[in-house]
Protein chains: 2
Amino acid sequence: MSAATNTFVKENEQRFLEELKEFLRIPSISTLPEHKPDVERAAGFVAEQLRHAGLENIEIISTAKHPLVYADWLHAPGKPTVLCYGHYDVQPADPLELWQTPPFEPTLRDGNLYARGAADDKGQMYMHIKAVEVLRAVHGNLPLNVRFLIEGEEEVGGESIARYVAENPDKLRADVALVSDTEMFAPGLPTLCIGLRGLVYLEVEASGPARDLHSGLFGGAAPNAVFGLIELLAKVKNLRGEVQIPGFYDDVEAPSPAEKESWARLPFSEKEFLKEVGSSRLTGEPKYPVLERIWARPTFEVHGIAGGFTGAGSKTVIPAKAAAKVSARLVPNQDPDKIVAAIRDFIRRKAPKGIRTEVRVLSASPGLKVNPDHPAIEIAAKALTEIFQQPTVFIRLGGSIPIVGDFAKHLGIPTVLMGFGLPDDGLHSPNEKYHLANYYQGIMAIAHFFERYGGQ
Amino acid sequence: MSAATNTFVKENEQRFLEELKEFLRIPSISTLPEHKPDVERAAGFVAEQLRHAGLENIEIISTAKHPLVYADWLHAPGKPTVLCYGHYDVQPADPLELWQTPPFEPTLRDGNLYARGAADDKGQMYMHIKAVEVLRAVHGNLPLNVRFLIEGEEEVGGESIARYVAENPDKLRADVALVSDTEMFAPGLPTLCIGLRGLVYLEVEASGPARDLHSGLFGGAAPNAVFGLIELLAKVKNLRGEVQIPGFYDDVEAPSPAEKESWARLPFSEKEFLKEVGSSRLTGEPKYPVLERIWARPTFEVHGIAGGFTGAGSKTVIPAKAAAKVSARLVPNQDPDKIVAAIRDFIRRKAPKGIRTEVRVLSASPGLKVNPDHPAIEIAAKALTEIFQQPTVFIRLGGSIPIVGDFAKHLGIPTVLMGFGLPDDGLHSPNEKYHLANYYQGIMAIAHFFERYGGQ
């Protein structure tokens, strides 16, 4: 660990802030066609910053949608290579009237920088670039090799980078990936995320009568597609919330006792969580603590359902068709294809009489786990602990970060998920913010991680 | 029975046909604002025809929507009074390209008259007027008293006539109502409908979390409003289709053994019915024959459901809200208010944990039964049998005809449901038709009913 890097960061805080503000002023909203020039401008800004930090082989790579930015510095033979990932695109800012200050005019209040993209992900990805700059300024070179691959489509599905990673494994060869697009579990608590849930997402369609029927003339003897779908989906879980699909839990790998113990020590309040949910009580498998339910247990959800008459007033129709969007979150060691097959089979077998079903698979990706004993994880944890002066906690995330799966699948590497957001940063919401102290300490932590992982 | 009335009808067939065609040429589509003048023209046509038939006190009564037409002839003191009901409005004709001949250019093919409204209900209501004309022509006067109340809103809810009946019970005083807006069970089979199901119609709304949540971050511990509603509604019926709401079947009056026997003798083919439904099999309470299920058993249907994400692609949301339209068809002796209360109670008690529910009642009307021993029914059956040379069958209808309930509630009278449509007449569909022989024989049957009921 080099005290010089910390000093350099401290001396350059003001400049680092101004640079980030410049980045945040670009409204690079990837989902809105009218912002395509801004998205391209943001890609150019990233490329320029990478160049300024001393990176080489900089490329702005055109894709079917928005450009990728690649760069590398590979002059540390024998040392590990870290693949830094982030995204320069942001969510739309509406509803604009709920912002206290304009979303693309970054504003400092109470130690936080308010702007769309401040935490997700411009503020976090920019730290990787600054960490490289700091190390080059302090040491003249880098303690290890780095590659950067930054995308502009994360908020709209990230298809281009997925294809690029699949097609360019040699170009992207690395020992580990580094992603800063997650949160710290609580303010001041250094956090590494070492598990993600996977997802299989399906559409289920149910058909009953050949056409909508009059419920007066046929009610009591004709199958109802909406009720059929309701009956079918209700069978998926019992009243305790346990999924009844045979084999669904077969391959679930339970978290280790050590991991469970560490979760139990986290500053987690079920009451606060319930407040965030905003319902009268929580649900799910009662025998598992809440964090285990959302991090390490597979789920079955119905995301939407539609069928029959839903306009104003009444219409006495027996609906011919109904459809639902459903998904299962998966945990490590569950095979998405096996789960899809089990769901398909269950739906076929349990369809009520008179109801035909059709299942379409929209996506299927596995859960992922990073071994906390992996040297990169161990070192990242130490670097975080040093900077934040608290033991680093290991958590999981109940959602999916598809790129982490792509890195595992195509590059064969684990990912260090070192996030510096805070739970109240308001990602995707009005008044998104980023805690400035985390920005500066994060740059230090990343620099220290590079130093230590490079053996300095 | 007077052979003279039959002779008069036969001698005037051509004129009766031309008059009906003139009526059918008026596109009195009540739901389309651009046809409002046509609807008014049709009301005027009806008034003029009533006058021509010798009726008196003719009124075209303005309402909030479309006019009612009233007329009476009350010069048979001591004799019963029949209130004739029908409607002069029709359904829209689209899709026009499916009509073999234009919907408002009545065309004769194979003994059927093709036009929108031919059977529903212009052709049938016009027979009441012709029956009066025939009797006046043959006998110089009528054997009983009649009132006519014809509406122009039947296809759009019939609110105006409901209000009018409720507000004018003295003006409409009668012993029995006569409605010809139903079908014969099979061609050539004279039919009286003596039972209708009632209907309670409700909206059920379920709320889970305060807002839509990310299923990655909350899935496994947060209640899902769509799944909650699914779970709740699935509990309403068991796998045999039996409603599980306590008290739901308590007051159901079973059809008499004689009625059930008569249904068993009807020319009903379950195979044909299944073909009409168009599904792989029928459903419902297995211990009841199909006709009993659709005529004399209460039902629970979900007419529509909506909630969460239902667009293209996938969105991993835990929905905050979901809503369904549901109804129960009721049979005679069930109290709609009691059933509404039972449904409300069930929904409140069975709502899954974390799910709040709200129930809104959109309508509630009881099932109705006419005593087949009522003199008007007995006489109507005899009149039909004489004309069609087959024993009259007594059936029920699984749907509701709200005006029949209004007559019962506000005027305290039963209704003779003497319909002459055929199951393949295509009501509300392209190529609607009316079987001409039924038109002429129906006029005779109605005239005979008036004669006999008036004691001639």
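So here's what we get for this one:
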| item | result |
| --- | --- |
| Members of segment A:1-34 that are surrounded by 15 or more Cβ atoms within 10 Å (Cβ to Cβ), among the polar types (S, T, N, Q) and over 15 Å from A:Q441 (Cα atoms) | A:S28, A:S30 |
| Single match in B:L172, B:L202 (criterion: at pLDDT 95 or above and away from chain A (no Cβ under 14 Å)) | B:L172 |
| Any hit, segment A:174-190, residues being among the hydroxyl-bearing types (S, T, Y), more than 23 Å from B:H214 (Cα to Cα) and in contact (Cβ under 8 Å) with a residue 24 or more places away in the chain | no |
| Among (1) surrounded by fewer than 21 Cβ atoms within 10 Å (Cβ to Cβ); (2) touching a helix residue (DSSP H, G or I) at 6+ places or on another chain (Cβ under 6 Å); (3) outside the structural domain of A:Q14 (by TED's automatic domain parsing) - the single one A:L362 does not satisfy | (2) |
| Restricting segment B:276-287 to residues that are of a type outside the set (D, E, K, R) and surrounded by fewer than 19 Cβ atoms within 10 Å (Cβ to Cβ), the residue that is nearest to the other protein chains (Cβ to nearest Cβ) | B:G278 |
| Residues satisfying the stated conditions in segment B:229-252, i.e. under 14 Å from B:I343 (Cβ atoms), in a loop (DSSP other than H, G, I, E, B) and of a type outside the set (V, I, T) | B:K235, B:Q244, B:P246, B:G247, B:F248, B:Y249, B:D250 |
| Those residues of segment B:169-181 which are buried (at least 20 other Cβ atoms within 10 Å of the Cβ) and part of a loop (DSSP other than H, G, I, E, B), in sequence order | B:L172, B:A174, B:S180, B:D181 |
| Segment A:71-110 - residue that is under 17 Å from A:M125 (Cα atoms) and of a type in the set (D, E, K, R) and, of those, surrounded by the fewest Cβ atoms within 10 Å (Cβ to Cβ) | A:D72 |
| Near pairs, Cβ below 8 angstrom, 6+ apart or cross-chain, from segment B:438-456 (touching a residue at least 60 places away in the same chain (Cβ under 8 Å)) to any residue that is outside any helix (DSSP H, G or I) and among the basic types (K, R) | B:G454/B:K79; B:G455/B:K79 |
| 1 or more residues closer than 27 Å to B:K79 by Cα and touching a strand residue (DSSP E or B) at 6+ places or on another chain (Cβ under 6 Å): qualifying strands (runs of 3 or more DSSP E) within segment B:379-452 | B:393-397, B:415-418 |
| B:A222 crowded, with 20+ Cβ neighbours inside 10 Å and within 12 Å of chain A (Cβ to nearest Cβ) | yes |
| Failed criterion for B:G157 (all others in (1) free of Cβ contacts under 8 Å to residues at least 24 places away in the same chain; (2) more than 22 Å from B:A177 (Cα to Cα) hold) | (2) |
| In segment A:133-165, the residues that are charged (D, E, K, R), crowded, with 24+ Cβ neighbours inside 10 Å and at pLDDT 95 or above | A:E151 |
| Single match in B:A177, B:A210 (criterion: of a type in the set (A, V, I, L, M, F, W, C) and under 23 Å from B:M125 (Cα atoms)) | B:A177 |
| Verdict on B:I387 being crowded, with 16+ Cβ neighbours inside 10 Å and within 14 Å of chain A (Cβ to nearest Cβ) | no |
| Residues of segment A:347-363 satisfying the condition of being away from chain B (no Cβ under 11 Å) and either under 23 Å from the mean Cα position of the chain (by Cα) or not hydrophobic (A, V, I, L, M, F, W, C) (or both) | A:R348, A:R349, A:T357, A:E358 |
| Filtered residues of segment B:149-168 (kept if of a type in the set (D, E) and part of a helix (DSSP H, G or I)) | B:E154, B:E155, B:E159, B:E167 |
| Filter result (more than 30 Å from B:S269 (Cβ to Cβ), in a strand (DSSP E or B) and touching a Pro at 6+ places or on another chain (Cβ under 9 Å)) within segment A:188-228 | A:L192, A:I194, A:G195, A:L196, A:G198, A:L199, A:V200 |
| Which numbered condition A:G399 misses (of (1) touching a residue at least 12 places away in the same chain (Cβ under 8 Å); (2) more than 14 Å from chain B (Cβ to nearest Cβ); (3) surrounded by fewer than 23 Cβ atoms within 10 Å (Cβ to Cβ); (4) not basic (K, R)) | (2) |
| Members of segment A:293-345 that are basic (K, R), in contact with a strand residue (DSSP E or B) (Cβ under 8 Å, 6 or more places away or on another chain) and more than 9 Å from every other protein chain (Cβ to nearest Cβ) | A:K321, A:R344 |
| Any hit, segment A:84-91, residues being out of contact with any helix residue (DSSP H, G or I) (no Cβ under 6 Å at 6 or more places or on another chain) and among the acidic types (D, E) | no |
| Segment B:113-143, residues that are assigned to a helix (DSSP H, G or I) and in contact with a Pro (Cβ under 9 Å, 6 or more places away or on another chain) | B:L135 |
| Residue check for A:E386: in contact (Cβ under 8 Å) with a residue 12 or more places away in the chain and within 14 Å of A:H448 (Cα to Cα) | yes |
| Among the candidates B:K338, B:K382, residue that is within 26 Å of B:L417 (Cα to Cα) and surrounded by fewer than 21 Cβ atoms within 10 Å (Cβ to Cβ) | B:K382 |
| Failed criterion for B:A258 (all others in (1) over 30 Å from A:A351 (Cα atoms); (2) without any contact (Cβ under 8 Å) to a residue 24 or more places away in the chain; (3) within 23 Å of the chain's Cα centre (by Cα) hold) | (3) |
| Of all residues making up segment A:253-274, the number that are assigned to a loop (DSSP other than H, G, I, E, B) and among the aromatic types (F, W, Y) | 1 |
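A quick yes/no check of all residues on (1) closer than 17 Å to B:G216 by Cα; (2) part of a loop (DSSP other than H, G, I, E, B); (3) of a type in the set (S, T, N, Q):
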residue: A:R281; (1), (2), (3): no, yes, no
residue: A:P286; (1), (2), (3): no, yes, no
residue: A:V302; (1), (2), (3): yes, no, no
residue: A:S314; (1), (2), (3): no, yes, yes
residue: A:A324; (1), (2), (3): no, no, no
residue: A:P332; (1), (2), (3): yes, yes, no
residue: A:A341; (1), (2), (3): no, no, no
residue: A:R348; (1), (2), (3): no, no, no
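Rundown of residues vs (1) surrounded by fewer than 16 Cβ atoms within 10 Å (Cβ to Cβ); (2) touching a Phe, Trp or Tyr at 6+ places or on another chain (Cβ under 6 Å); (3) closer than 22 Å to A:L282 by Cβ; (4) modelled with pLDDT of 95 or more, yes/no style:
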| site | (1), (2), (3), (4) |
| --- | --- |
| B:R211 | yes, no, yes, no |
| B:L229 | no, no, yes, yes |
| B:G241 | no, no, no, no |
| B:Y249 | yes, no, no, yes |
| B:R265 | yes, no, no, no |
| B:W295 | no, no, no, yes |
| B:G304 | no, yes, no, yes |
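The values are calculated or read from the model by the stated rules, or taken from the named source; none is laboratory data. Note that the structure is a prediction, hence the values are computed from the model and not measured. Counting neighbours? That spans all protein chains shown, and the Cβs are built from the backbone with ideal geometry, glycine included.
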